[in-house]
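As structure tokens, the structure follows; a few thoughts come after it.
The values are calculated or read from the model by the stated rules, or taken from the named source; none is laboratory data. Everything quoted here is computed from the prediction, not taken from an experiment. Using ideal geometry, Cβ is built from the backbone for each residue, glycine included, and neighbour counts are taken over all protein chains shown. Note: areas computed on protein heavy atoms with side chains; ligands, DNA, RNA excluded. Shrake-Rupley method; radii C 1.70, N 1.55, O 1.52, S 1.80 Å.
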Amino acid sequence: MSALTGTRHLVRLILRRDRLLLPLWVLVLAVLPITYAASFFELFPTAAERAAYLEGTARNPSIVALLGPAYGDSVGALTAQRSGFLLLIVALASLLTVIRHTRTEEEAGRRELLGGSVLGRHAGLTAALLVTYGADLVLGLLTAAGLVSTGLPVGGSVAYGLVTVLTGAVFATLGGLAAQLTETAGGARGIGLAGLGAAFGLRLAGDTAGNDWPSWLSPLGWAARVRPYEGERWWVLLLPLAATVLLAVLAYPISVRRDLGAGVLPPRLGPAGAGGGALSGPFGLAWRLHRGQILWWSVGFGLLGLILGGAAEAAGRSVEGSPRMEEIVARLGGASGMADAYLGVTLSLAGLAAAGYGIQAALRMRAEEAAGHAEPVLATGTRRSTWLLSHVAFALLGPVVVLGVTGLATGLTYGLSTGDVPRQLGRMLAAGLAQVPAAWVLAGLAVLLYGLLPRLASAAWVVLAVCVLLGQLGAVLELDQWLLDVSPFTHTPQVLRDAWTPTPLYVLTALAVTLATAGLLTFRRRDLPVL
């Protein structure tokens, strides 16, 4: 039997399981660069306007830290820079997809069941990598074709598409290696995210320190140095290709030598006791399961808030003199100055991301049920409603913490730039927390889907993707208001304006409570487990 026997069947299984999620993130990430290019063509049609934007915003240290460098003032170069943060999301999606279909399957025991059939030892890892590589390839093709359709040069569009494909491939293979090193999916995700964070940190240090050698150590730094639309450096694409091969060469021998279910790194022993009651009940157990996510999301969004606040002044100045840009940003984020409008837009995007945390935390219940961890807990004196509420509490608490940290960090750096830290801290904290009820609505929807239709609970991610698309494209494409109103974030008041009403916050909170309550009632009445 070949080591790759059964790979084709596993590929079909993965595609069937990810038939919603995989096309979703591919489509969203393919559309956004196209909209950026179309926006630059419309908002900055002349070379003089683009040059002013480049000097006023694109080369601002905070913008460079977040997005990467801009190597020219052409629409293509500005689009490539504006899409820089999307490459981080591509890397993250690729990394997590591979871990989900390798180490998570092994930890849940499904890989052992499949291994009892005619299945080669390399089949699982190979199938996960092939599917993820294929998704990245489709994403790159769609992105390149879309950019060409906007009128950008073919060469630069192909270069950016290849950058997307190879960046995703590097981190997909990193996920495959991380899955061989630990016994748990959480540990594999920790290793993978640490590698992604290191790559982002090196890229940030190289792009902002005036000496770019650290960026040459980072796959995210290589992406910018291909220079799409500004004299493409095709040879730089060999670096991510070589990194992908190297990581695969490391991962495959380990997958053969280790025992099934084991990892190279020894597992860390847990505490001998419950730690003074920390694990003595369902809420203590839920805290144990969710605390790492809350910590790392808070740290990441705190750093993001520091960058966004530092870029606010430059972003506000960049749109002055472009009436169309002022109109769009005002519709999205408020009218009390362009810097406030920029901060309103960015905090709204942070709200969408925090909604992703709420959905992820709510769907942890589904993962616990599918893995067989819920039944032993519910076999004790723990009631179903108590167990569900222990997880729902963190699905609601997480967005509050994440958005609160984001608002405070944004207010700190923005306040330092304006010389009024106390006032800006309060304003930005309020603006961040104003996004919480809308995030709660999506978390409540995830709870309802879990209680009512557990097999379709992941459809909550589809709803979030729709909200992202409406938020990113709605104002630019001038969609009808009734369509924009589908997203709860459309109803979030812009508290950075001089006058606003809290009524939408009350309505959104009531809707979130209603959805979560309906999820609780339906969960109490359905069979358990539903696999």
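Residue 409 - would you say it is crowded, with 24+ Cβ neighbours inside 10 Å, over 19 Å from residue 291 (Cβ atoms), touching a residue at least 12 places away in the same chain (Cβ under 8 Å) and of a type outside the set (Asp, Glu)? Can you show your working first?
Details: crowded, with 24+ Cβ neighbours inside 10 Å: yes; over 19 Å from residue 291 (Cβ atoms): yes; touching a residue at least 12 places away in the same chain (Cβ under 8 Å): yes; of a type outside the set (Asp, Glu): yes.
Here the answer is yes, as residue 409 does meet what is asked.
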Tell me, please, whether a residue that is crowded, with 19+ Cβ neighbours inside 10 Å, modelled with pLDDT of 70 or more, over 21 Å from residue 194 (Cβ atoms) and of a type in the set (Val, Ile, Thr) can be found in the stretch 335-351. yes
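Would it be correct to say that residue 115 is surrounded by 23 or more Cβ atoms within 10 Å (Cβ to Cβ), of a type outside the set (Asp, Glu) and at pLDDT below 90?
Taking the combined requirement at face value, the residue does not satisfy it.
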Considering only the stretch 510-528, state which residues are open to solvent by 40 Å² or more (accessible area, probe 1.4 Å), under 29 Å from the mean Cα position of the chain (by Cα) and either under 30 Å from residue 340 (Cβ atoms) or at pLDDT below 90 (or both). 510, 511
Output yes when any residue across the stretch 45-63 is touching a Phe, Trp or Tyr at 6+ places or on another chain (Cβ under 6 Å), open to solvent by 20 Å² or more (accessible area, probe 1.4 Å) and in contact (Cβ under 8 Å) with a residue 60 or more places away in the chain, and no when none is. yes
Return a yes/no flag: does the stretch 477-488 have any residue that is at pLDDT 90 or above and among the aromatic types (Phe, Trp, Tyr). no
Out of (1) of a type outside the set (A, V, I, L, M); (2) in contact (Cβ under 8 Å) with a residue 60 or more places away in the chain; (3) open to solvent by 60 Å² or more (accessible area, probe 1.4 Å), the one residue 83 does not meet is (3)
Working only within the stretch 12-30, note down all residues that are open to solvent by less than 50 Å² (accessible area, probe 1.4 Å) and out of contact with any helix residue (DSSP H, G or I) (no Cβ under 7 Å at 6 or more places or on another chain). 18
Boolean, residue 182 is in contact (Cβ under 8 Å) with a residue 12 or more places away in the chain and more than 30 Å from residue 37 (Cβ to Cβ): yes
Is it the case that residue 244 is out of contact with any strand residue (DSSP E or B) (no Cβ under 9 Å at 6 or more places or on another chain), of a type outside the set (Lys, Arg), open to solvent by less than 70 Å² (accessible area, probe 1.4 Å) and modelled with pLDDT under 85? no
The stretch 358-406, residues that are farther than 13 Å from residue 289 by Cβ, in a helix (DSSP H, G or I) and among the small types (Gly, Ala, Ser): 358, 370, 385, 404
